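Student: Before we start, here is the structure in question, set down as structure tokens.
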Amino acid sequence: MRTVHSILAAFALIAIAMVVFNAVMSLKREEKFKAGDRKLGLIALILTHTQFLVGLITYYVSPWYETLRNVGMGNAMKNAELRLMSVEHPLTMIIAIALITVGWSRHKKLTDDKAKFKSFAIFYGLGLILILARIPWSHWF
């Protein structure tokens, strides 16, 4: 399950980065918001939500969850690796996915092309930064 979570993470990161890059470049060029832009945002949204579900399953079958249950939250917060894997990573990913979801929902309500690209650039961009900040790089793959 961890391998699926890692591979899916790579695809999600690539998709989110593509959305942010596309939005920034389209803003710079003052382009119209097209169906392809919407589809790219939707693909990234679907990948992040799928990644979240796979991540939840991975978390609850992982030794990190069992260790957290055994040592308690107070002791977990004193151990940097356990805190990262059991608290910081899951919480930060939830916040990042929420930001990406807000960016998607917000863009649907907007009518101005520039505002749609700004919504993608800001919210998907913040989500990407959070994800990159809390990926447990030493445990990936």
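Student: Give me the distance between the Cα centres of region 73-119 and region 17-47, rounded to whole Å.
Tutor: 19
Student: Using the crude model of +1 on Lys and Arg Cβ and -1 on Asp and Glu Cβ, and no other charge, please compute the dipole size for region 26-141 relative to its Cα centre, in debye to 20. Don't skip to the answer; put the middle values down first.
Tutor: Details: 16 positive and 8 negative charges, 104 e Å.
Once rounded to the nearest 20, the dipole reads 500 debye.
Student: What does the extension gain come out to for residue 60 and residue 43, with contour length at 0.36 nm per residue minus their alpha carbon separation?
Tutor: Numbers: separation 17, 0.36 × 17 = 6.12 nm, distance 2.60 nm.
Computed gain between residue 60 and residue 43 is 3.5 nm.
Student: Which lysines, if any, have their Cα less than 17 Å from the Cα of residue 108, not counting same-chain residues under 8 positions apart?
Tutor: 32, 34, 39, 116, 118
Student: Considering the dipole of the chain built from charges on the beta carbon (Lys and Arg +1, Asp and Glu -1) around the Cα centre, which of 57, 130, 111 is farthest to its positive end?
Tutor: Value: 111.
Student: Let me ask you something else. Give me 32, 116 sorted ascending by neighbouring Cβ count inside 10 Å, so fewest comes first. Provide the component values of the computation, followed by the final result.
Tutor: Working: 32 11, 116 24.
Fewest to most other Cβ atoms nearby, the residues stand as 32, 116.
Student: May I pose another question? Would you mind calculating the gained length between residue 77 and residue 50 on full extension (0.36 nm times residue separation, minus the Cα-Cα distance), in nm to one decimal?
Tutor: The span from residue 77 to residue 50 would gain 6.9 nm if fully extended.
Student: Which order do the peptides 69-77, 52-60 come out in when sorted by mean C-beta neighbours inside 10 angstrom, highest first?
Tutor: Going from most to least packed, we get 52-60, 69-77.
Student: At 7 Å along Cα-to-Cβ for each site, give me the label-to-label distance between residue 112 and residue 98 in nm.
Tutor: Between residue 112 and residue 98, the simple spin-label model gives 2.7 nm.
Student: Note down the net charge around residue 117, summing +1 for each Lys or Arg and -1 for each Asp or Glu among other residues with Cβ under 12 Å from its Cβ.
Tutor: Neighbourhood net charge equals +4.
Student: Starting with the fewest neighbours, write out 112, 37 ranked by other beta-carbon atoms found within 10 Å of each beta-carbon.
Tutor: 112, 37
Student: Chymotrypsin sites (Phe, Trp or Tyr not before Pro) within region 2-42: which are DSSP loop residues with at most 11 other Cβ atoms inside 10 Å?
Tutor: none
Read-outs throughout are calculated quantities, based only on the coordinates presented, and are distinct from any laboratory measurement. Just so we're clear, the structure is a prediction, and the values are computed from it rather than from any experiment. Note: ideal-geometry Cβ built from the backbone for every residue, glycine included; neighbour counts use all protein chains shown.
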